[in-house]
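Visitor: Quick one: the structure is below, questions incoming.
The values are calculated or read from the model by the stated rules, or taken from the named source; none is laboratory data. Since the structure is predicted, the reported quantities are computational estimates derived from the model, not experimental observations. Because the Cβ atoms are built from the backbone with ideal geometry, glycine has one as well, and the counts that use them run over all protein chains shown. For accessibility, only protein heavy atoms count, side chains too; no ligands or nucleic acids. Shrake-Rupley method; radii C 1.70, N 1.55, O 1.52, S 1.80 Å.
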Amino acid sequence: MSNSKPNLMIAISQLTSVDRVEENLATVLAHIKTAAEQGAQLIVFPENTIYMRLDSSKPLQALELSGEEFRRIEMAAKDHGLHVLLTTPIKGEAGKAKNATLYWSPGQPAKVVYSKIHLFDVEVDGAPPVRESDHFWPGEKPETLEILGWRFGLSICYDLRFAELYAHYAGVVDAILIPSAFLVPTGEAHWNVLIRARAIENQAFVIAPAQTGAHRSETGAVRKTYGHSMVVDPWGRVLLDESGGPGVKTVELQADLIAKVKKQIPMHFHRRLKS
């Protein structure tokens, strides 16, 4: 990685997505506009941005990559000169979807850059059971993406718990993306410490946009998420911990911090176990 990369101005979108695609899309387009007005070069959205399944009696609504929703985001990215990373269910094969991160560079159509590897099949006290494997195919491998001279390691939500995934990114990436929709009990217990750990152990920025609040379906179903979208620098300092509701916050990533941290603690010379 080059040490001469410029600083990067990023916008973090915190959302309370629902199971109504048009409603979510309107918020996404508004957040893209706000991010551009705040001087961002890149906006990152959380997991389940365009659709969040709230009623277990209803089928999951996965979207086509060629769909009109994504075409409208493509046009917004072009109009505002903004790079966009967004995570949402995408149609897969054999009746199952992919929980995928999509990327738009200005003027270019969406492309899938990562599919969630670790699927969330859990029963947590204080929250309804979740079985993502009933609806999603897992991704197969780590992925990196270069944007404006910065190399990103990609992951999604439950991936956060699996350090072996991030070991693939150590010494390779400048920043790690973790779009999420954490439950409240697990968020209160684990979110902050895991996000900071991933930044410290990989000596990279961590960018973790999150869903927040009470998500209400028209059928009356409700799901609650923890929020607290975070940005952490390579030393483990918290640059953003958004405790409020939906909105857009902008943070400048200082490129020279990466080399500074690696110079002080040269982990890349000291590693003995290879992923």
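Visitor: When you go through S217, S180, S229 one by one, which is the residue that is among the polar types (S, T, N, Q), buried (at least 19 other Cβ atoms within 10 Å of the Cβ), modelled with pLDDT of 95 or more and under 23 Å from Q61 (Cα atoms)? So that I can check it myself, show each step before the final result.
Guide: Details: S217 fails: buried (at least 19 other Cβ atoms within 10 Å of the Cβ); S229 fails: under 23 Å from Q61 (Cα atoms).
Answer to the selection: S180.
Visitor: Somewhere in region 135-147, is a residue over 16 Å from the mean Cα position of the chain (by Cα) and of a type in the set (F, W, Y)?
Guide: Yes, region 135-147 has at least one match.
Visitor: Only residues that are within 20 Å of the chain's Cα centre (by Cα) and surrounded by 15 or more Cβ atoms within 10 Å (Cβ to Cβ): list them for region 110-130, please.
Guide: Within region 110-130, the subset within 20 Å of the chain's Cα centre (by Cα) is 110-121, 130.
Once the filter is applied, which keeps residues that are within 20 Å of the chain's Cα centre (by Cα) and surrounded by 15 or more Cβ atoms within 10 Å (Cβ to Cβ), region 110-130 yields A110, V113, Y114, S115, K116, I117, H118, L119, F120, V130.
Visitor: Test each condition in (1) in a strand (DSSP E or B); (2) open to solvent by 10 Å² or more (accessible area, probe 1.4 Å) for V206 and report the one that comes out false.
Guide: That leaves (2) as the condition not met.
Visitor: The conditions are (1) open to solvent by less than 50 Å² (accessible area, probe 1.4 Å); (2) over 19 Å from K98 (Cα atoms); (3) touching a Lys or Arg at 6+ places or on another chain (Cβ under 7 Å), and H80 fails exactly one of them. Which is it?
Guide: That leaves (1) as the condition not met.
Visitor: May I ask you to verify whether A163 is crowded, with 20+ Cβ neighbours inside 10 Å and at pLDDT 95 or above?
Guide: Numbers: crowded, with 20+ Cβ neighbours inside 10 Å: no; at pLDDT 95 or above: yes.
In short, no.
Visitor: Right, here's the next one. Quick one: how many residues across region 25-39 are open to solvent by 10 Å² or more (accessible area, probe 1.4 Å) and out of contact with any Lys or Arg (no Cβ under 7 Å at 6 or more places or on another chain)?
Guide: Within region 25-39, the subset open to solvent by 10 Å² or more (accessible area, probe 1.4 Å) is 26-27, 29-31, 33-34, 36-39.
In the following step, the residues that additionally are out of contact with any Lys or Arg (no Cβ under 7 Å at 6 or more places or on another chain) were identified as 26-27, 30-31, 33-34, 36-39.
Within region 25-39, residues that are open to solvent by 10 Å² or more (accessible area, probe 1.4 Å) and out of contact with any Lys or Arg (no Cβ under 7 Å at 6 or more places or on another chain) number 10.
Visitor: Next up: Of the residues that make up region 137-151, is at least one part of a loop (DSSP other than H, G, I, E, B), open to solvent by less than 10 Å² (accessible area, probe 1.4 Å) and closer than 26 Å to K262 by Cβ? Walk me through how you get there before you give the answer.
Guide: As a first pass, look at region 137-151 and keep what is part of a loop (DSSP other than H, G, I, E, B): 138-143, 148-149.
Within this subset, residues satisfying the condition of being open to solvent by less than 10 Å² (accessible area, probe 1.4 Å) are none.
No: region 137-151 contains no residue that is part of a loop (DSSP other than H, G, I, E, B), open to solvent by less than 10 Å² (accessible area, probe 1.4 Å) and closer than 26 Å to K262 by Cβ.
Visitor: Could you look through region 67-93, keep only residues that are in contact (Cβ under 8 Å) with a residue 24 or more places away in the chain and part of a loop (DSSP other than H, G, I, E, B), and pick out the one that is nearest to P246 (Cα to Cα)? Walk me through how you get there before you give the answer.
Guide: Step one: filter region 67-93 for residues in contact (Cβ under 8 Å) with a residue 24 or more places away in the chain, giving 69-74, 76-78, 80-93.
Adding the requirement that they be part of a loop (DSSP other than H, G, I, E, B) leaves 81-82, 92-93.
Values: G81: 23, L82: 20, G92: 29, E93: 33 Å.
Per the stated criteria, the residue is L82.
Visitor: May I pose another question? Looking at region 33-66, which of its residues are more than 18 Å from K111 (Cα to Cα), free of Cβ contacts under 8 Å to residues at least 60 places away in the same chain and not in a loop (DSSP other than H, G, I, E, B)?
Guide: Across region 33-66, the qualifying residues are K33, A36, E37.
Visitor: Which of the residues belonging to region 2-24 are polar (S, T, N, Q), open to solvent by less than 20 Å² (accessible area, probe 1.4 Å) and in contact (Cβ under 8 Å) with a residue 60 or more places away in the chain?
Guide: Of region 2-24, the ones polar (S, T, N, Q) are 2-4, 7, 13-14, 16-17, 24.
Now drop any that are not open to solvent by less than 20 Å² (accessible area, probe 1.4 Å), which leaves 13-14, 17, 24.
Matches in region 2-24: S13, Q14, S17.
Visitor: List, please: which pairs have Cβ atoms under 8 Å, are six or more places apart or on different chains, and start with a residue in region 230-245 that is under 12 Å from V193 (Cα atoms) and part of a strand (DSSP E or B) and end with one that is of a type in the set (D, E, K, R) and open to solvent by 40 Å² or more (accessible area, probe 1.4 Å)?
Guide: Close Cβ pairs satisfying both conditions: M230/D241; V232/R196; V238/R196.
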